[in-house]
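Presented below is the structure to which this report refers.
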Amino acid sequence: MTMGYLRQDLERLYYFEGQPDRKASSGAVWRRALTPRFLPVILCRLSHALYCRKHILLARFVSLLNFHWFGMEIAMRCEIGPGLCFPHTFGIVIGASRIGRNALIYHGVTLGAKEMDMLYDPGKRPIVGDNVVIGSGAKVMGGIEIGDNVVIGANAVVTKSVPPNVVVGGIPAGIIKDQYDSGVSTED
């Protein structure tokens with residue numbers, strides 16, 4: 001599963017580099033291993049895979065490499081779908097319960113519980129759908145759900161569930177646009 005996900009992660013990076021039809025091989029994954037936009041994804045995937053295989057200490061060590069080298073704290077328990085992309089890595093904290101496929105997560109983002117949760121209760125952490133973009137500095141907190149095809153604006157603070165196909169922004173975050181409607185929502 002890990003290599004298959006890594007190939008899809010690299011293909012997503014190719015997409016953002018203007019090569020949407022380029023396919024990734026296992027060799028291409030390893031050739032990109034020392035780049036700052038892809039090594040954090042490899043470390044994240046490896047940490048989660050080790051955790052799932054009950055190699056907890058090794059999983060923590062790999063997770064700590066991401067923390068020290070890239071300033072990213074990613075819970076090894078968090079299941080993340082394929083197509084993960086971090087355009088800029090510093091200051092990212094991922095303590096979500098689950099993240100879907102094709103997540104685009106910018107720097108300074110926090111996904112986690114609203115209050116201290118050292119035991120990692122998935123019910124206190126967000127679930128993020130597929131094809132979600134989370135802008136720089138955004139915070140998504142609590143046991144909420146973010147629907148598919150959502151864009152969370154930069155510096156938004158999301159503390160309530162978000163339906164699919166919308167753009168949210170502000171503090172606290174609210175719907176500012178329906179993805180299938182050109183108008184602005186009047187919801188608070």
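Throughout, read-outs are computed from the coordinates displayed, never taken from laboratory work. Quick caveat: nothing in here was measured; it's all calculated off a predicted structure. Reconstructed Cβ throughout: ideal geometry from the backbone, glycine too, with neighbour counts over all protein chains shown.
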Hey, can you list the DSSP H helices of the chain whose Cα span along the axis is 18 Å or longer and whose average Kyte-Doolittle score is at least 0.5? 39-52, 56-70
Could you give me D for segment 2-178, from Stokes-Einstein at 10 °C and 1.306 mPa s, where the hydrodynamic radius is the Kirkwood radius over C-alpha pairs? Units µm² s⁻¹, please. 98
In whole angstrom, the spacing between the Cα centers of segment 1-37 and segment 136-166 equals 26
Within segment 122-136: backbone nitrogen closer than 15 Å to the ALA154 label point (7 Å, Cα to C-beta): 134-136
How far, in nm, would the chain grow between GLU17 and ASP117 when pulled straight, counting 0.36 nm per residue and subtracting the alpha carbon separation? 32.3 nm
Taking LEU34, LEU58, LEU46 and counting other C-beta atoms within 10 Å, the order from fewest to most: LEU34, LEU58, LEU46
Which of GLY83, VAL29, GLY143 sits farthest toward the positive end of the charge dipole of the chain, with +1 on the Cβ of Lys and Arg and -1 on the Cβ of Asp and Glu? VAL29
Running a GNM on the chain with Cα contacts under 10 Å, which residue among ALA113, ALA154, ALA33 ends up with the highest mean-square fluctuation? ALA33
For a test of understanding, tell me how many lysine pairs in the chain have Cα atoms under 19 Å apart, given they are 8 or more places apart or on different chains. 8
Taking θ as phi - 60°, what are the ³J(HN,Hα) couplings along segment 133-149 by the Karplus curve (6.51, -1.76, 1.60), each to the nearest whole Hz, with x for Gly and Pro? 10, 10, x, 3, x, 5, 10, 10, 10, x, x, 10, 10, 10, x, 5, 6
How big is the dipole moment of the chain about its Cα centre under a simple scheme where the beta carbon of each Lys and Arg is +1, that of each Asp and Glu is -1, and everything else is neutral? Debye, nearest 20, please. 840
Between ASP148 and residues 5 or more places away or on another chain, the pairs with built amide H atoms under 5 Å apart involve ASP130, ASN165
5 Å is the cut-off here: which amide hydrogens, built 1.01 Å from N in the peptide plane, fall below it relative to GLU79, excluding neighbours closer than 5 in sequence? ILE99
Note, ³J(HN,Hα) from phi for segment 83-89, Karplus 6.51, -1.76, 1.60, rounded to Hz, x at Gly and Pro: x, 5, 9, 10, x, 9, 9
Under 13 Å, Cβ to Cβ, from LEU65 - net charge with Lys/Arg +1 and Asp/Glu -1: +1
The summed charge of the LEU84 Cβ neighbourhood (under 9 Å; Lys/Arg +1, Asp/Glu -1) stands at +2
So who's got an amide H within less than 5 Å of the one on ALA113, skipping anything under 5 residues away but keeping other chains? H placed 1.01 Å off N, in plane. GLY142
Please find the FRET efficiency linking ASP178 to ARG98, where r is the Cβ-Cβ separation and R0 is fixed at 25 Å, and quote it to the nearest 0.05. 0.55
How do ASP148, ASP9, ASP121 rank when sorted from fewest to most other Cβ atoms within 10 Å of their own Cβ? ASP121, ASP148, ASP9
So what are the ³J(HN,Hα) numbers for segment 120-129, from phi and the Karplus equation (6.51, -1.76, 1.60; θ = phi - 60°), rounded to whole Hz, Gly and Pro as x? 6, 7, x, x, 9, 10, x, 10, 10, x
What number, in percent, do you get for the relative contact order of the chain if the mean sequence gap of Cα pairs under 8 Å and at least 6 apart is divided by its residue count? 12
